[in-house]
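Before any comments, here is the structure.
The values are calculated or read from the model by the stated rules, or taken from the named source; none is laboratory data. Predicted, not measured: the structure shown is a model, and the values here were computed from it. Ideal geometry is used to build each Cβ from the backbone, glycine not excepted, and the neighbour counts take in all protein chains shown. Accessible surface is based on the protein model in full, side chains and every heavy atom, while ligands, DNA and RNA are left aside. Shrake-Rupley method; radii C 1.70, N 1.55, O 1.52, S 1.80 Å.
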Amino acid sequence: METDPATVNRRTATTEDLGALQENFVVKARDYKQQYAHLYFMRLMLMRPLVLSQAMHKWASLDPKAKHVEKILDVQQGEISYLVGTIYMEMKLKPNILDDITKDHWIAAQPDRPKYTDDTDSVYLEDESGRVKLTGVKITNNLFVTGVVMGVLGSEDTNGDFKVVDICYAGQGPQQQHTLMETDESDKYIALVSGLGIGGNDFKPLELDLLSEYLTGEIGGVKEQTSCANIVRVMIAGNSIVTPQVVEDDTKTKKYGYDRSTFVTAPTMIFDNFLQEVCSSVDVDLMAGDNDPSSATMPQQPIHPALLPSTRQYSTFHSVTNPYWGSVDNVTLLGGSGQTIDDIYKYVNSENRLEMAAKTIEWRHMAPTAPDTLWCYPFKDRDPFIMTQAPHIYFIGNQDKFATKLVTGADGQRTRVVMLPSFASTATIALVNLRTLECHTVSFSTKPKN
Amino acid sequence: MEHQAMELLTTRVEDEKQNVTYKWLSRSLGISVNTAKELMQVYLTTVGKNKAHGTYYLARQDPATGNQHLSLVSQEELKTAQKDASVVGYHIYSLEPSPLKDLAILSAINSEATQLQKGKDINLYRVVRNHHVVISASNYRPTPATSSSSAFAAKPKAGAAQSAPGLSGAKPGLNSASSAPAAAASSTSSTTTTNDTSKTTTSKSAAPAAKGSMMSFFGKASGAGATKAASAPTPAKPAAKTSSTLNFKPAASAQQKRKADLMTGAVADDMSSPRATRSNEESEEDEVDSEEERDRRLALSSRLDQDQGDIVEKSQNKSASGNHSPVDVESIKKKQRSARLLAVDDDDDLDADTARAVTTGRRGGDDDDGESVEVMSKEARAALNKEKEAQRLALENMMLMDDTTTMAALEDEDSAMIDVEALDPVPPVADHERTTVTETTDALGTITRRRRGVRAVTKRKTSRNERGYMVTEDIVVMEPFSEDEIIEAPAPAPARIEKPVSDAVSSKGNKSESGGPKKKAGGNQSLLNFFSKK
């Protein structure tokens, strides 16, 4: 009974700073004087060669008559040609700045719609010279969002619309070599958590305790604790704190300064305690989410460590941007807190979020709807959302349910796509095996089974 | 251990009717979590049978997908649940006096457990250890990607692992405190970092410079302690100290003017950090009090700097030479007093340090806090405590007094906050009169001269001897003072002419001014007018 129990040392993994990839997300000088057009221009400039090479590869041999038309306006009627440009979705229900102005004059407020789709939507292809409307079976059946750089093969019809026969995207980017070999030691895992929702209505404190005990290796028998020691990193993908809903009470007189009865610090403190527990044992990367105290525009800047006074002293705590490029043991990860997919969800009829995430990999762009409907910083010289390389693990947080898929690319790239559910509602996290890229869930429950 | 655990469990679950989780038990007894689980299981089957109810943690794994499902079940359900083939493990999670309806209240016990573990090494309880975790109060280190955008410079992780505990321990406390809040607005001088392992931006110059002087004090104090600190920082200290003191002064005078309720209290936190570099709690306190703390420290250190110059050097020389005889009792006592100024709340550590420095060989009674400190004799301790109290009150009053004028002075751009003394190198005169003079000129041209400093005052102390006899002695105490005088606006022409002369005069150095306060004891404003106008 009194013998010192065997201790296990947590496995370590090398991390490397991905340099430019991660740097791109950090907004250094916040200058809002520029237009968003620069962002679109950069996107087109950077992606066009990629799409073009894919298009040529696909179509140049197919039909000897098809040729690439440099400018969209130069399209000739009746000729089969292919164009490369940015998609623009004309949607009646999309939030429009002109609607906002009319709202100022007329009090009719449009309710927030879950989807902008409508039967009258149309798809345009734009480049620097002009735009052309796309029609065809391929257009009505596929999902498109504004901002994707795409190549289309077809011809112009009498109406001036471009009838599309085939489409192509940039495809999955090149991927770093996956260097992990099978060794005698057991595989390492990373834990992906999202949507802790501390302070929200469905926050369950005991589940959070179980999670921290699981991640720190306190819970479970020796076997489980040994396997827990294989978790080398934890990524928290957004929405850790929920700001309490303030109901505007018109009868109360307005007080200057913050109203103490509605502002609570408890969620941040609970989160700080939780993080401190976990950080004392394992490396944690914290990403900001929609509800977290971070910037409202994408890419969200790291949560300031001043909010987490006891956690920030740990060398294992890292506050990172959203989206986030990371690298663990040469395995590249790309993570987002969900805003990108949530926005794409509004554009398409499909409910399959996993499919949308997989599509973003094919488009080689993680947030095409920025800046159209997804608030974004007006970058002038770069588009940081382009996925210049294909990550090994691509996770999106705060989705409705857990889903995962292994997407393979033309050159043998393998990307594990993981949709993480919100922990507050499902008490589920995901573990991804770094070597095999296999993924499974761990869920916690305190309610009786029956 | 087992018996103790059983007793604890009985008390808590049966008598107090409280719930117990394995985490709480491990923190209470200081044992590993696995041992705690075993103990609880034993309790449930032997002593607490039928008196307590157990909740179990159950782990199931789906063999097909690999998904794990961890849940908490009551002991009744455990039997049936165990029959499930997918169960991979279970153990007791908590003990309750009666079955719980809602398990969420166990979370409160877990929070209590977290409270219990504060200040202790977490590896005491954990089975899975991570040796790469470095906890340091100075570990405010933005992520690499943001380091260029952040205004705060990255601090090295090895803050906790430095060689001199006295030096580095206090330093992280200060570093974190200063880096946490927004940069001080009033800092002026460029940074002279005294420790090559830390970098700070110019906006924090006041704080690091202050730290430099503070560090030098601590470095020497603990270096003089000779038993603890490594000699490494001390050679760096003298050189750094002088340069930092110079740069520090103008900012210090500005900082002095900020309101602080108890200057000494703040520094006590810093003193605690050498002892508890790994303890988060005390570092937390540092950061919580950071703004005021920094002010206090700066204010205090400016004063101390003036005193400590030769006191510390003397004591250092003494310890270096190994001569511990109380040759210079007075300076030693002064040093101790100043040390006490800094270590109000946590006397233990610093007492031990400074006491060791003295090592008069006298073994005295106990500390005010009841902990044993080797060296102080009873009457010396009592005397020192009284002085400390007096000083504390004096400082407090001084701070309160200064408040109204200081705020105005801060805001007023035109006010000439000339810290005359500070600009000159402080000559090592007898540390009786070490004053700083600040002048504020308001709109009408009225100069309010405030003289602050520490001066020697003879006081009578009565105390009880070891044998119970009353002993009275005269002790020279260094007491901070602050004296004001208001000089009416001089006529412009003479003022202009006399200004360069007065600058020349006032820049003569400490001696001329130090003669001033003495003479003007009787409120001889005319005499001071002489100095200021000419």
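The count of lysine pairs in the stretch A:37-168 with alpha-carbon distances below 17 Å, taking only pairs 8 or more places apart or on different chains, stands at 13. Heavy-atom accessible area buried between chains B and A is around 5400 Å² (1.4 Å probe, both sides summed).
With a Förster radius of 22 Å applied to the beta-carbon distance between residue B:457 and residue B:486, the computed FRET efficiency rounds to 0.35. Extension gain for the segment residue A:53 to residue A:380, taken as residue separation times 0.36 nm less the Cα-Cα distance, is 115.2 nm to one decimal. Under 18 Å from a label point set 7 Å out along the Cα-to-Cβ vector of residue A:9, the amide N atoms of the stretch A:173-188 belong to A:184-188.
Here the simple spin-label model places points 7 Å from the Cα toward Cβ, and for residue A:101 and residue B:74 these points are separated by 6.6 nm.
Taking a ≥ b ≥ c as the square roots of the Cα gyration tensor eigenvalues, with a/c under 1.5 meaning rounded and otherwise prolate when a/b beats b/c, else oblate, which class fits chain A?
Numbers: a/c = 2.25, a/b = 1.43, b/c = 1.57.
Verdict is oblate for chain A.
The phi torsions of the stretch A:221-235, fed into the Karplus equation with coefficients 6.51, -1.76 and 1.60 and a -60° offset, translate into couplings of x, 4, 5, 5, 5, 5, 6, 5, 5, 7, 6, 9, 8, 10, 10 Hz, rounded to whole numbers, with Gly and Pro shown as x. Take A:281-293, B:95-107 and order them by the average number of nearby Cβ atoms within 10 Å per residue, most first; the result is A:281-293, B:95-107. Maximal additional length on extending the residue A:62-residue A:447 stretch stands at 132.6 nm, based on 0.36 nm per residue less the C-alpha distance. Database remark: amide H of residue A:166 closer than 5 angstrom to the amide H of A:153 (H placed geometrically; neighbours at sequence offset of 5 or more, or on other chains; Pro and chain starts carry no H). Calculated mean residue ellipticity, 222 nm, chain A: -6000 deg cm²/dmol, from DSSP H runs (n ≥ 4) at -39500 (n - 2.57) each, averaged per residue and rounded to 500.
What is the calculated FRET efficiency for residue A:120 to residue B:120, with r their C-beta to C-beta distance and R₀ = 56 Å, to the nearest 0.05?
Working: r = 66 Å, r/R0 = 1.18.
Rounded to the nearest 0.05, the efficiency is 0.25.
A straight chain from residue A:177 to residue A:388 at 0.36 nm per residue would run longer than the Cα-Cα distance by 74.5 nm. With the full set of protein chains in place, find how many percent of the accessible area of the stretch A:37-168 is carbon and sulfur; take the probe as 1.4 Å. Ligands and nucleic acids excluded, carbon and sulfur give 55 percent. Approximating the spin labels as points 7 Å out from Cα along Cα→Cβ, the residue B:51-to-residue A:296 distance works out to 6.1 nm. Counting Lys and Arg as +1 and Asp and Glu as -1 over every other residue whose Cβ lies under 11 Å from the Cβ of residue A:52, the net charge comes to +1. GNM on chain A, alpha-carbon springs under 10 angstrom: the most fluctuating residue among A:141, A:201, A:352 is A:141.
In sequence order, the stretch A:366-374 has phi-based couplings of 7, 9, x, 6, 7, x, 5, 10, 9 Hz under the Karplus curve 6.51 cos²θ - 1.76 cosθ + 1.60, θ = phi - 60°, and Gly or Pro positions carry x.
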